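The values are calculated or read from the model by the stated rules, or taken from the named source; none is laboratory data. Fair warning: this is a prediction, and the values are worked out from it, not measured in the lab. Don't worry about glycine lacking a Cβ; one is built from the backbone with ideal geometry, like all the others, and counts go over all protein chains shown. Ligands, DNA and RNA are excluded from the accessible area calculation, which covers all protein heavy atoms including side chains. Shrake-Rupley method; radii C 1.70, N 1.55, O 1.52, S 1.80 Å.
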Amino acid sequence: MPEYNKRFSDIEQNIAEVKEKIAQAAIKSGRNPQDVHLMAVSKTVESVFINHAISCGIDLIGENKVQEFLAKKPELNLENCKAHLIGHLQSNKVKKIVGEVEVIQSVDSVSLANEIAKRSVNSGIVSKVLLEVNVGNEESKFGFDLRELDERACEISEINGISVQGLMCVAPVCDDEKVLRGIFSNMYRAYLDIASKKINNINMNVLSMGMSGDYCEAVLEGANLVRVGSAIFGSRNYR
Ligand SMILES: *Cc1c(COP(=O)(O)O)cnc(C)c1O
């Protein structure tokens, strides 16, 4: 299957290139390249290619949809690779995903946090989550407004069964590097600000920002987890 082989070698090469760029940006921002975690976003990608990425050293994947992930999960080699949910989560799907991923990155409301917590307590676990921030104030995007983040984080900190580990955002599409860096820098400031308040049950360990088009800018501004899909697997075919 020559086409498979071509795609396998592309994936391997893409991972090496992305890692190199992350390392350069990390060093430029005064950090160690190892401090920035690369997530391979595997939505719409068939399991065989995800497993190939894992065999090339990927140890974290991100999926958007509960059903898609659960369908692929039995085929994935996840012994040395963790999975996070990064897409919008509807409350009626919470029951299915709790306990199935290491982190739910897309907590965008207090009611969703409550639902995850309830299902986690029922299963006898504590779910790790990130709070999603709508950093560009876009109508079309999910997430907390930066201005309400503190208050919502405090509310969520009171809930048993859930543990906040950091923040996540999807930046607006933007060609202006300065504007983009300003947006990521606002996220970084919010991350430091919340960390400095030392709220009980709120940890700021993970700042998840940057995708294929903007991960270098995100790393330059302090991201320690980048979510890269098409720059690793190639452009997606939505059916
Ligand atoms: C699809 C997706 C990504 C990766 O997007 P690419 O542009 O393909 O790198 C990252 N984060 C979220 C939340 C996504 O939905």
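Restricting attention to the range 157-200, which residues are in contact with a Cys (Cβ under 7 Å, 6 or more places away or on another chain) and closer than 18 Å to Asp145 by Cα? The answer is Leu180, Met187. Across the range 191-217, the qualifying residues are those that are touching a strand residue (DSSP E or B) at 6+ places or on another chain (Cβ under 6 Å) and small (Gly, Ala, Ser), and the one among them that is farthest from the ligand (Cβ to nearest atom) is Ala195. Looking across Ser235, Ser230, one residue alone is within 11 Å of the ligand (Cβ to nearest atom) and either within 15 Å of the chain's Cα centre (by Cα) or buried (at least 21 other Cβ atoms within 10 Å of the Cβ) (or both). It is Ser230. Taken over the range 156-179, the criterion of being more than 24 Å from Glu115 (Cα to Cα) and under 18 Å from the mean Cα position of the chain (by Cα) is satisfied by Ala171, Pro172, Val173. Name the single residue that is nearest to the ligand (Cβ to nearest atom) among those in the range 33-76 being in contact with a Lys or Arg (Cβ under 6 Å, 6 or more places away or on another chain) and part of a loop (DSSP other than H, G, I, E, B). So, considering only residues that are in contact with a Lys or Arg (Cβ under 6 Å, 6 or more places away or on another chain) and part of a loop (DSSP other than H, G, I, E, B), the one nearest to the ligand (Cβ to nearest atom) is Asn64. Note on the range 73-89: among residues that are over 11 Å from the mean Cα position of the chain (by Cα) and closer than 24 Å to Gly210 by Cβ, the one that is most open to solvent (accessible area, probe 1.4 Å) is Asn80. Name every residue in the range 186-212 that is open to solvent by 70 Å² or more (accessible area, probe 1.4 Å) and either in a loop (DSSP other than H, G, I, E, B) or polar (S, T, N, Q) (or both), in order of residue number. Residues satisfying the conditions are Ser196, Lys197, Lys198, Asn200, Asn205, Met211. If you go through the range 218-227 and keep only what is more than 10 Å from the ligand (Cβ to nearest atom) and not in a loop (DSSP other than H, G, I, E, B), you end up with Ala218, Val219, Leu220, Leu225.
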